Amino acid sequence: MFEILRKTLKTGTVTTQYPNRPETAPEGFRGKPELFPEKCTYCGECVKACPPGVIWLNEDNDGKSLALSYCGCIFCGRCEEVCPSDAVKLTREYELASKTKDDLVTIIRRKI
Amino acid sequence: MTVEDELEIMGQRLNEKIKNIFGRSLHIREVDAGSCNACEVEVTALSNPIYDIERFGIHIVASPRHADMLLVTGPVTRNMELALLKTYNATPEPKLVAAMGSCACNGGIFGDTYASGGGIDKFIPVDVYIPGCPPRPQAVIFGLMVAVDKLDQKIRKKEA
């Protein structure tokens, strides 16, 4: 019994202070993918590579746009791997919960 | 106001909100609608000493009749469709539904196919989406904070 008590005292409190104190994800964590509109060439490589298919490329008279939904994203990092111009980068951000699906979509555009 | 300040205030308000709305605590029923079990592992991690959601008065219960909130994981397979609907109907009002993980949000890697429903919002109304494959326990806590805020609105709407 003294052994258990000794271990308990030695370990101390392990509970995180999470919502009260923000916590960053560890190095190498794959979180929210970020798009850089100034680097993107709208080549569509990420659209082909995305396993759940949550990246879309749209073309109309105004120009091209690329949309990414975090809703079905599995955070595999394939888009970052295949992008020839480094326009997608996975950040360490993980607080993505939202009340609507539309809030989870990011769109970048280029006008012609 | 920085993000850190905002989070600190949110954490303090969570406890107050739960007390105001439910009396004492929020009870969650976890429903596995064809998940790969990764999300279940994260839900289990929520009640371990490190994340410990019981400190906010959030409990995971064994029956939907005891629950205020359903935490649904998985893309809703054909076999789990009826079970999910029955669980939803057995939960007393006011109830919340949280879609946990990318599969629950819109099918994720399984997509919308013959055997996979492609997201739980096609079967039952969803109040909060928690993306991630699987979401970290911290991300789930954040999702629960967002959900509790939504319930406040729901009750006000009913009263108005």
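The values are calculated or read from the model by the stated rules, or taken from the named source; none is laboratory data. Just so we're clear, the structure is a prediction, and the values are computed from it rather than from any experiment. Ideal geometry is used to build each Cβ from the backbone, glycine not excepted, and the neighbour counts take in all protein chains shown.
Annotations for the structure displayed:
- Residue-level analysis places A:Val88 outside the set of residues that are in contact with a Phe, Trp or Tyr (Cβ under 8 Å, 6 or more places away or on another chain) and closer than 29 Å to B:Asp127 by Cα.
- Annotation note: Cβ proximity below 8 Å between a residue of region B:22-38 that is at pLDDT 90 or above and a residue that is of a type in the set (S, T, N, Q) and part of a loop (DSSP other than H, G, I, E, B) (sequence gap 6+ or interchain) occurs for B:Arg29/B:Ser63; B:Arg29/B:Thr91.
- Residue pairs meeting the criteria (Cβ under 9 Å; at least 6 apart or on separate chains; first more than 19 Å from B:Gly119 (Cβ to Cβ), in region A:85-112; second part of a strand (DSSP E or B) and at pLDDT below 85): A:Ala87/A:Ile108; A:Arg109/A:Gly63; A:Arg110/A:Gly63; A:Lys111/A:Gly63; A:Ile112/A:Gly63
- Any hit, region A:3-24, residues being within 24 Å of B:Gly111 (Cβ to Cβ), not hydroxyl-bearing (Ser, Thr, Tyr) and not in a helix (DSSP H, G or I): no
- Screening B:Thr77 with (1) buried (at least 16 other Cβ atoms within 10 Å of the Cβ); (2) modelled with pLDDT of 90 or more; (3) farther than 17 Å from B:Gly34 by Cβ gives one miss only, at (3).
- Counting only helices (runs of 4 or more DSSP H) that sit completely within region B:60-159, those holding 3 or more residues that are free of Cβ contacts under 8 Å to residues at least 40 places away in the same chain and within 13 Å of another protein chain (Cβ to nearest Cβ) correspond to B:102-106, B:137-159.
- Looking across region A:1-36, the residues that are surrounded by 14 or more Cβ atoms within 10 Å (Cβ to Cβ) and touching a residue at least 24 places away in the same chain (Cβ under 8 Å) come down to A:Ala25, A:Phe29, A:Arg30, A:Gly31, A:Lys32, A:Pro33, A:Glu34, A:Leu35.
- Scan of region B:27-47 for residues that are more than 16 Å from B:Ser102 (Cβ to Cβ) and either part of a helix (DSSP H, G or I) or under 12 Å from the mean Cα position of the chain (by Cα) (or both), ordered by number: B:His27, B:Ile28, B:Arg29, B:Glu30, B:Val31, B:Thr44, B:Ala45, B:Leu46
- Residues that are of a type outside the set (Val, Ile, Thr) and assigned to a strand (DSSP E or B), drawn from region B:48-59: B:His59
- Checking each residue in region A:25-39 for being in a loop (DSSP other than H, G, I, E, B), within 30 Å of A:Lys111 (Cα to Cα) and touching a Gly at 6+ places or on another chain (Cβ under 9 Å) picks out only A:Gly31.
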